[in-house]
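Asker: For reference, the structure I am asking about is given below.
The values are calculated or read from the model by the stated rules, or taken from the named source; none is laboratory data. Owing to the predicted nature of the structure, the values given are computational and were not obtained by experimental measurement. Here the Cβ positions follow ideal geometry from the backbone for every residue, glycine too, while neighbour counts run over all protein chains shown.
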Protein chains: 4
Amino acid sequence: MVHVTVWNEFRHEQESELVRKVYPAGIHGQLAVFLEKAGFHTKTATLDQPEHGLTEAVLSETDVLIWWGHMAHGEVADEIVERVKHHVLRGMGLVVLHSGHMSKIFMSLMGTSCDLKWREADEKERIFVVDPSHEIASGIPEAFELEKEEMYGEYFDVPAPDETIFLSWFEGGNVFRSGLTYRRGNGRIFYFQPGHESYPTYYNENVQKVIINGVNWCSKGNRAYPTYGHEEAVYPIGKGTNEQ
Amino acid sequence: MVHVTVWNEFRHEQESELVRKVYPAGIHGQLAVFLEKAGFHTKTATLDQPEHGLTEAVLSETDVLIWWGHMAHGEVADEIVERVKHHVLRGMGLVVLHSGHMSKIFMSLMGTSCDLKWREADEKERIFVVDPSHEIASGIPEAFELEKEEMYGEYFDVPAPDETIFLSWFEGGNVFRSGLTYRRGNGRIFYFQPGHESYPTYYNENVQKVIINGVNWCSKGNRAYPTYGHEEAVYPIGKGTNEQ
Amino acid sequence: MVHVTVWNEFRHEQESELVRKVYPAGIHGQLAVFLEKAGFHTKTATLDQPEHGLTEAVLSETDVLIWWGHMAHGEVADEIVERVKHHVLRGMGLVVLHSGHMSKIFMSLMGTSCDLKWREADEKERIFVVDPSHEIASGIPEAFELEKEEMYGEYFDVPAPDETIFLSWFEGGNVFRSGLTYRRGNGRIFYFQPGHESYPTYYNENVQKVIINGVNWCSKGNRAYPTYGHEEAVYPIGKGTNEQ
Amino acid sequence: MVHVTVWNEFRHEQESELVRKVYPAGIHGQLAVFLEKAGFHTKTATLDQPEHGLTEAVLSETDVLIWWGHMAHGEVADEIVERVKHHVLRGMGLVVLHSGHMSKIFMSLMGTSCDLKWREADEKERIFVVDPSHEIASGIPEAFELEKEEMYGEYFDVPAPDETIFLSWFEGGNVFRSGLTYRRGNGRIFYFQPGHESYPTYYNENVQKVIINGVNWCSKGNRAYPTYGHEEAVYPIGKGTNEQ
């Protein structure tokens, strides 16, 4: 059974009544509902808990960590970021949602600014599958629409993805690589763009299916970390060549 | 000096007055004009010439072949396709434009159906750079617009590109990976989507710059074809291991 | 349950007593033994059967096709190759083993010569995992050794792989990208180099595990083939822009 | 004219007479000799200079920075690392040599541990081209040999490279992805493995040619940094759809 920890900074919901109306139990609460229903063993953790709820014990039992953050990226302690990264490189999966693109953990794993263009204008988004044989696209229609989303637009300053699974069209004239995978060390990472705090995106069935697929895919990272350092020669050295 | 051969099936221009008005000298003629101006040694070849204008002599002197075809893909002789492929795998560059996506040569190099969605509706296209450090994007703005183009939409059935340089937004609600590179053998291939025969796309300055950049990039394939087959061992075999 | 069809040209075993001693039931027979044991529903097919044993009915019920061929690549009918390709592009998995690198089906899907260097010298091969989080490497040690294999060496003329999972070291002084994945259309392809007909490679436990993993991975291609062709606009065209 | 800054930690040469004999002018000195000869405007900088010789002024005038470090990675100030990274993401090229794989700057751009296996045993290395159409392989033979190098072996914990140009074979039984490219932001990065301080590797003609090619390739990063942040809609939002 896959163990999922849903991390949410959980600030918008406390500061804005609008957001609270959309996500009364917090974004993490809503994510946990459908993940639990999908059969994952699901816990949540938030910024204001001790160690942000991401103790060594929690991470050791986590197969896949989901990350939603936005207004308080800077408040995440560097030590916890290092701890999460340590676990990702050793095989823990990481699903980064929406504004998590500028979280410390994602930037640290990508090595780039992870910056992009954005617009909050209640505009339509159409999401297209561009890797139809990928598990994360399994059961997803060729294209589906979100009535209202925040526009995220190119250029998105991330490394060339290992796999590009979704591309998005925005009504106001932008495109975005909205579903991307990366492997870092033994860990698998999936970035998925939808999920602005003021829209009911995480109630959308296709979005839920993508996240469920993403968790499943990310859960397959390998925990058998390679050994590094000095290694004796297996074959004798200095026996010359056959060349004349 | 880079030697370019512009190949055009040259049928639309002869059959349609509308197209002839846009490209009085043929699509190949217009492509040749700005390529010549850019400093390339430029020739043209068309379907109805003997051997489609692509004799062994012509290809041997061609650094980069540009391919525009649409209504008569099936009339290109298999033997000529094989000849072109032979040269691409040995280092000749290939720039495939617009409807060339379903040419025999492109399909043969890709191994897939190369199919896509399309619509002729006089709609706007916005082209975004998603690989800003690539030569082919050099001098191109972050995004530029074509007033009217044929919509080409995902899913585009091609292998995952080596590099994705441009993504396109279409007014009617579609996205497309519109600038892609592939390496096959010693050859470099660049696919670029704009260029429907009834629109003046190849007069657009940014489109011209992309094609010029593409030709330059494709011209750097290596003509020193690897050797294959039996090879003697360089190091002695059977000397045992250091393991105990 | 995953349905596997093991295809073998089955000529070496009939012509050479040496090979017959290694694989008394044919290479396909030995592959089928451990695949069956691994829980796959396994059938075999060979070159000399009608339609090479690859009828439309057989392929329609096949989730993953395994391909072993060498001396008789040219005898495989083009029509059957097209049929297999049709199924791969629609989601059937394909595992290509060893000398299958120059089979018509693999070359047709790759678009390149698929040529390489080789040597039969009873030499040692060491296979290294270079993508530790990939399913196909699951349970495989960081490196493992084959006592005797045919050397396959670079340059291997294939497209840049989607994923490089294994690299091989050969005693006589060569390296090879020995485990590669490609996606073509809806299908998944895994190429794995070991398996010369005169060595007992397919009795090796790690080789078996890689092939089992490869079959599992290739079985996840998606059978919901995209639709192509004309598509109406979803959003109104010609409504102008916000620019002034 | 391309401006190159060669950075060397320059400690081995001062502490070891053996290394000093191989590189009397320092590793940076030897690198500068052949780069200057190749037509680059070349400067050097070392760890013990103020700001490690990497002032804002120096980096602003640098098209490509070469990095050689090993025993004193930890002494490089974090502030300087951030400054270098800032320039790479804005288009400065970076060539990382040999033990630079665990430099702070490389690790920070990769997001992984960048760890590997190693052995100092005076063993032979054979370097194979696996991307023959790449500029960095231009003029390099299909394979070339270094009489003695430090073994660097897989698993090398780096992200899947954008391009894999060289693979290496080591006498004692290891393989390594020895020539890799990455694009990060607007910058281009080339990692090249040879160059242990006690061997005369940087006098080898093929090694020099690879580094010269690498500098040329890395120099083509684009200095026109994308704009990020809020963007107004170009097309009107809320005009409905064509669907019924």
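Asker: List every residue pair whose Cβ atoms lie under 8 Å apart, where the two residues are 6 or more positions apart in sequence or sit on different chains, the first residue falls within the stretch B:227-244 and is closer than 18 Å to C:Asp115 by Cβ and assigned to a loop (DSSP other than H, G, I, E, B), and the second residue, located anywhere, is hydroxyl-bearing (Ser, Thr, Tyr) and at pLDDT 95 or above.
Answerer: So the pair list comes out as B:Tyr228/C:Ser113; B:Tyr228/C:Tyr155.
Residues checked against (1) touching a strand residue (DSSP E or B) at 6+ places or on another chain (Cβ under 8 Å); (2) within 29 Å of D:Trp169 (Cα to Cα); (3) modelled with pLDDT of 95 or more:
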residue	(1), (2), (3)
C:Gly172	yes, yes, yes
C:Leu180	yes, yes, yes
C:Glu197	no, yes, yes
C:Pro200	no, yes, yes
C:Ile212	no, yes, yes
C:Ser219	yes, no, yes
C:Thr227	yes, no, no
C:Pro236	no, no, no
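Asker: Moving on to the next point. Just give me the residues in the stretch D:173-185 being facing chain A (nearest Cβ under 10 Å) and surrounded by 23 or more Cβ atoms within 10 Å (Cβ to Cβ), in sequence order.
Answerer: Restricting attention to the stretch D:173-185, the residues satisfying the condition of being facing chain A (nearest Cβ under 10 Å) are D:173-174, D:182-185.
Passing the criteria: D:Gly173, D:Asn174, D:Tyr182, D:Arg184, D:Gly185.
Asker: Let me ask another. Looking at the stretch D:41-63, is at least one residue over 20 Å from D:Tyr152 (Cα atoms), surrounded by fewer than 22 Cβ atoms within 10 Å (Cβ to Cβ), in contact with an Asp or Glu (Cβ under 6 Å, 6 or more places away or on another chain) and hydrophobic (A, V, I, L, M, F, W, C)?
Answerer: yes
Asker: Could you please give the count of residues in the stretch D:136-152 that are of a type outside the set (Gly, Ala, Ser), more than 28 Å from A:Val88 (Cα to Cα) and part of a strand (DSSP E or B)?
Answerer: Just the residues of the stretch D:136-152 that are of a type outside the set (Gly, Ala, Ser), to begin with: D:136, D:140-142, D:144-152.
Still in the running and more than 28 Å from A:Val88 (Cα to Cα): D:136, D:140-142, D:144-150.
The next check asks that each one be part of a strand (DSSP E or B); those that pass are D:144-150.
Of the residues in that region, 7 qualify.
Asker: In the stretch B:200-244, how many residues are within 14 Å of chain C (Cβ to nearest Cβ) and hydroxyl-bearing (Ser, Thr, Tyr)?
Answerer: Residues of the stretch B:200-244 within 14 Å of chain C (Cβ to nearest Cβ): B:221-222, B:224-243.
Checking which are hydroxyl-bearing (Ser, Thr, Tyr) leaves us with B:225, B:227-228, B:235, B:241.
Here the count works out to 5.
Asker: Yes or no: B:Asp122 closer than 29 Å to D:Ile165 by Cα and either at pLDDT below 95 or within 9 Å of another protein chain (Cβ to nearest Cβ) (or both)?
Answerer: Values: closer than 29 Å to D:Ile165 by Cα: no; either at pLDDT below 95 or within 9 Å of another protein chain (Cβ to nearest Cβ) (or both): yes.
Taking the combined requirement at face value, the residue does not satisfy it.
Asker: Condition test on B:Glu154, is it among the acidic types (Asp, Glu), more than 21 Å from B:Met102 (Cβ to Cβ) and within 8 Å of another protein chain (Cβ to nearest Cβ)? Steps first, please.
Answerer: Working: among the acidic types (Asp, Glu): yes; more than 21 Å from B:Met102 (Cβ to Cβ): no; within 8 Å of another protein chain (Cβ to nearest Cβ): yes.
It is false that B:Glu154 is among the acidic types (Asp, Glu), more than 21 Å from B:Met102 (Cβ to Cβ) and within 8 Å of another protein chain (Cβ to nearest Cβ).
Asker: Related question: Could you identify the single residue in B:Tyr182, B:Tyr155, B:Tyr191 that is in a loop (DSSP other than H, G, I, E, B) and of a type in the set (Phe, Trp, Tyr)? Talk me through it step by step, then tell me what you get.
Answerer: Values: B:Tyr182 fails: in a loop (DSSP other than H, G, I, E, B); B:Tyr191 fails: in a loop (DSSP other than H, G, I, E, B).
Among B:Tyr182, B:Tyr155, B:Tyr191, only B:Tyr155 is in a loop (DSSP other than H, G, I, E, B) and of a type in the set (Phe, Trp, Tyr).
Asker: Here is a further query. Is it the case that the stretch C:173-182 has a residue that's hydroxyl-bearing (Ser, Thr, Tyr), more than 14 Å from the chain's Cα centre (by Cα) and over 30 Å from B:Tyr155 (Cβ atoms)?
Answerer: no
Asker: A follow-up question, please. Answer with yes or no whether B:Leu116 is crowded, with 22+ Cβ neighbours inside 10 Å and either within 14 Å of chain C (Cβ to nearest Cβ) or modelled with pLDDT of 95 or more (or both).
Answerer: Numbers: crowded, with 22+ Cβ neighbours inside 10 Å: yes; either within 14 Å of chain C (Cβ to nearest Cβ) or modelled with pLDDT of 95 or more (or both): yes.
Spelling it out, B:Leu116 is indeed crowded, with 22+ Cβ neighbours inside 10 Å and either within 14 Å of chain C (Cβ to nearest Cβ) or modelled with pLDDT of 95 or more (or both).
Let's see how each residue does on (1) within 23 Å of B:Val210 (Cα to Cα); (2) hydroxyl-bearing (Ser, Thr, Tyr):
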{"position": "B:Glu56", "(1), (2)": "no, no"}
{"position": "B:Ser60", "(1), (2)": "no, yes"}
{"position": "B:His70", "(1), (2)": "yes, no"}
{"position": "B:Gly74", "(1), (2)": "no, no"}
{"position": "B:Glu79", "(1), (2)": "no, no"}
{"position": "B:Lys104", "(1), (2)": "no, no"}
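Asker: Go over the candidates A:Ser133, A:Ser108, A:Ser168 one by one and state the one that is at the interface with chain D (Cβ under 8 Å from one of its Cβ atoms) and either under 19 Å from C:Thr227 (Cα atoms) or surrounded by fewer than 23 Cβ atoms within 10 Å (Cβ to Cβ) (or both). Talk me through it step by step, then tell me what you get.
Answerer: Details: A:Ser133 fails: at the interface with chain D (Cβ under 8 Å from one of its Cβ atoms); A:Ser168 fails: at the interface with chain D (Cβ under 8 Å from one of its Cβ atoms).
The unique qualifying residue is A:Ser108.
Asker: Does the stretch A:84-99 contain any residue that is within 30 Å of D:Thr241 (Cα to Cα), within 14 Å of chain D (Cβ to nearest Cβ) and not basic (Lys, Arg)?
Answerer: At the first step, the residues of the stretch A:84-99 found to be within 30 Å of D:Thr241 (Cα to Cα) are A:97-99.
Remaining after also requiring within 14 Å of chain D (Cβ to nearest Cβ): A:99.
Still in the running and not basic (Lys, Arg): A:99.
Yes, some residue in the stretch A:84-99 is within 30 Å of D:Thr241 (Cα to Cα), within 14 Å of chain D (Cβ to nearest Cβ) and not basic (Lys, Arg).
Asker: Separate question: Please go through the stretch B:158-179 and pick out each residue that is part of a strand (DSSP E or B) and free of Cβ contacts under 8 Å to residues at least 40 places away in the same chain.
Answerer: Of all residues in the stretch B:158-179, those part of a strand (DSSP E or B) come to B:163-170, B:174-179.
Of everything in the stretch B:158-179, those that are part of a strand (DSSP E or B) and free of Cβ contacts under 8 Å to residues at least 40 places away in the same chain turn out to be B:Glu163, B:Thr164, B:Ile165, B:Val175, B:Arg177.
Asker: Taking B:Phe190, is it under 19 Å from A:Arg126 (Cβ atoms) and touching a strand residue (DSSP E or B) at 6+ places or on another chain (Cβ under 6 Å)?
Answerer: Values: under 19 Å from A:Arg126 (Cβ atoms): no; touching a strand residue (DSSP E or B) at 6+ places or on another chain (Cβ under 6 Å): yes.
When the stated conditions are applied, B:Phe190 does not pass them.
Asker: Which residue, of D:Gly195, D:Gly214, is within 14 Å of the chain's Cα centre (by Cα), crowded, with 17+ Cβ neighbours inside 10 Å, among the small types (Gly, Ala, Ser) and on the phi > 0 side of the Ramachandran plot? Lay out the reasoning, then the answer.
Answerer: Numbers: D:Gly214 fails: on the phi > 0 side of the Ramachandran plot.
Every option except D:Gly195 fails the conditions.
Asker: Among the listed residues D:Val33, D:Val19, D:Val58, D:Val81, which satisfies the condition of being over 16 Å from the mean Cα position of the chain (by Cα) and within 17 Å of D:Ser99 (Cα to Cα)? Spell out how you get there, then give the answer.
Answerer: Details: D:Val33 fails: within 17 Å of D:Ser99 (Cα to Cα); D:Val58 fails: within 17 Å of D:Ser99 (Cα to Cα); D:Val81 fails: over 16 Å from the mean Cα position of the chain (by Cα).
When all the criteria are applied, what remains is D:Val19.
Asker: I've got another one for you. How about the stretch C:175-189: which of its residues are in contact with a Lys or Arg (Cβ under 9 Å, 6 or more places away or on another chain) and among the charged types (D, E, K, R)? Steps first, please.
Answerer: In the first step, residues of the stretch C:175-189 are kept if they are in contact with a Lys or Arg (Cβ under 9 Å, 6 or more places away or on another chain); the result is C:175-176, C:181-182, C:184-189.
Selection gives C:Arg184, C:Arg188.
Asker: Are there any strands (runs of 3 or more DSSP E) wholly within the stretch B:1-83 with 3 or more residues that are touching a residue at least 60 places away in the same chain (Cβ under 8 Å), and if so which? Don't jump to the end; show me each part of the working.
Answerer: Numbers: elements: B:3-8, B:41-46, B:64-68.
It comes to B:3-8, B:64-68.
Asker: While we're here: Among the residues of the stretch A:84-103, write down those that are surrounded by fewer than 21 Cβ atoms within 10 Å (Cβ to Cβ), part of a helix (DSSP H, G or I) and not hydrophobic (A, V, I, L, M, F, W, C).
Answerer: A:His86
Asker: Also, quick follow-up: In the stretch C:205-226, what count of residues is obtained for those that are in contact (Cβ under 8 Å) with a residue 60 or more places away in the chain, farther than 21 Å from B:Met110 by Cα and of a type outside the set (Gly, Ala, Ser)?
Answerer: 12
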